[in-house]
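Structure record follows, encoded as structure tokens.
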Amino acid sequence: MKTLDTLRTTMRRDQVWEIMVPKTGLELDISHGTILYLEDISVTFDGFRAIDRLNLYIDAGELRCIIGPNGAGKTTMMDIITGKTRPDTGTAWFGQTIDLLRLSEPEIASVGIGRKFQKPTVFEHHSVMENLELAMAADKRVWPTLVARLTPEQHARIDAVLETIGLQAHRARRAGALSHGQKQWLEIGMLLMQDPHLLLVDEPVAGMTHQEMDRTAELLKSLAGRHTVVVVEHDMDFVRSIANKVTVLHQGSVLAEGTMDEVQNDARVIEVYLGGDEGH
Ligand SMILES: Nc1ncnc2c1ncn2[C@@H]1O[C@H](COP(=O)(O)OP(=O)(O)OP(=O)(O)O)[C@@H](O)[C@H]1O
């Protein structure tokens, strides 16, 4: 089956597809209002402590921005949440009942944690709609029958996601022909097809035009509430435009947390991060 072969060769190794995922049967319990608890997490690489007794709590439905200088541990923190990196010590709970440190990467994806890496990785030779179909099909185990008839519910789901990501008018276009920003939105749409509880988004506006940044801000804000969204971003104007609460990481732990105004006026944050050239 040529289409399937094409897909297999374009699959990224660092991306988890639900077709490979054994269902864990674990139900998310957010009755205490918190969706993610990272407590006392430390990770050492070759003697260098990249994460240092990190505590981080994320409320269900919030849109949180994580900022911090290069090497602060932001990517490593995301890697711990998704199971790519295992901490030396500490605990990581998804809601009240799901111990992330006991789950494999595919299992973590299947309990509802989706990750968007910085570079868009859409299937360039397929249409926008087919990309969304594939993201859904992964769950339905129907990859070999890519052109299988969709149920009315599946059509409705794709339409809803197309509307959310603002690509209704581009549904028949080849993904490879989209602009950089549109590809990023499509990939967010592909994640949304799995309806994740928690979305981790890595530097979403790198390389975008101002107009694309504004639309991305609207998109991410619209996802909060139904989803919980954690965004790692260096662009301070963008962070200011979306964030209610900002966490500043430095040397592997939380240096400051609060509104954008609060962290911007924090003397320690100014010294280690915002002092010179903003953002780096
Ligand atoms: N696999 C690894 N082996 C060795 N060192 C690592 C590894 N992964 C990360 N590090 C180191 O850990 C520290 C934290 O890196 P991390 O990528 O998490 O930072 P970051 O805040 O995401 O930085 P940036 O803003 O540049 O992406 C860095 O000093 C990095 O060099």
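At-a-glance table
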read-out	value
Unmet requirement for Thr228, which otherwise passes all of (1) under 30 Å from Leu162 (Cβ atoms); (2) touching a helix residue (DSSP H, G or I) at 6+ places or on another chain (Cβ under 9 Å); (3) of a type outside the set (D, E, K, R)	(2)
Residue satisfying all of: in the range 214-255; of a type in the set (Gly, Ala, Ser) and either assigned to a loop (DSSP other than H, G, I, E, B) or surrounded by 22 or more Cβ atoms within 10 Å (Cβ to Cβ) (or both); nearest to the ligand (Cβ to nearest atom) among these	Gly252
Subset of the range 64-117 (residues that are within 15 Å of the ligand (Cβ to nearest atom), in contact (Cβ under 8 Å) with a residue 12 or more places away in the chain and of a type in the set (Asp, Glu))	Asp88
The range 32-61: number of residues that are under 19 Å from Ile242 (Cβ atoms) and surrounded by fewer than 19 Cβ atoms within 10 Å (Cβ to Cβ)	3
Meets criteria (away from the ligand (no atom under 13 Å from the Cβ), of a type in the set (Phe, Trp, Tyr) and closer than 16 Å to Leu191 by Cβ) for Phe123	yes
All positions within the range 173-188 that are more than 19 Å from Glu62 (Cα to Cα) and not basic (Lys, Arg)	Ala175, Gly176, Ala177, Leu178, Ser179, His180, Gly181, Gln182, Gln184, Trp185, Leu186, Glu187
Where a residue in the range 121-141 is modelled with pLDDT of 90 or more and its partner, wherever it lies, is part of a helix (DSSP H, G or I) and among the basic types (Lys, Arg), with Cβ under 8 Å and at least six apart	Val122/Lys183
Criterion: more than 16 Å from the ligand (Cβ to nearest atom), part of a helix (DSSP H, G or I), within 27 Å of Ala109 (Cβ to Cβ) and over 20 Å from the mean Cα position of the chain (by Cα) - qualifying residue of Gly176, Gly189, Gly181	Gly176
Among residues of the range 176-187, those that are among the aliphatic types (A, V, I, L, M) and surrounded by 23 or more Cβ atoms within 10 Å (Cβ to Cβ), counted	1
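The values are calculated or read from the model by the stated rules, or taken from the named source; none is laboratory data. Note that the structure is predicted; figures quoted are calculated from it, not measured. Neighbour counts are summed over all protein chains in view; Cβ atoms, including those assigned to glycine, are modelled from backbone coordinates with ideal geometry.
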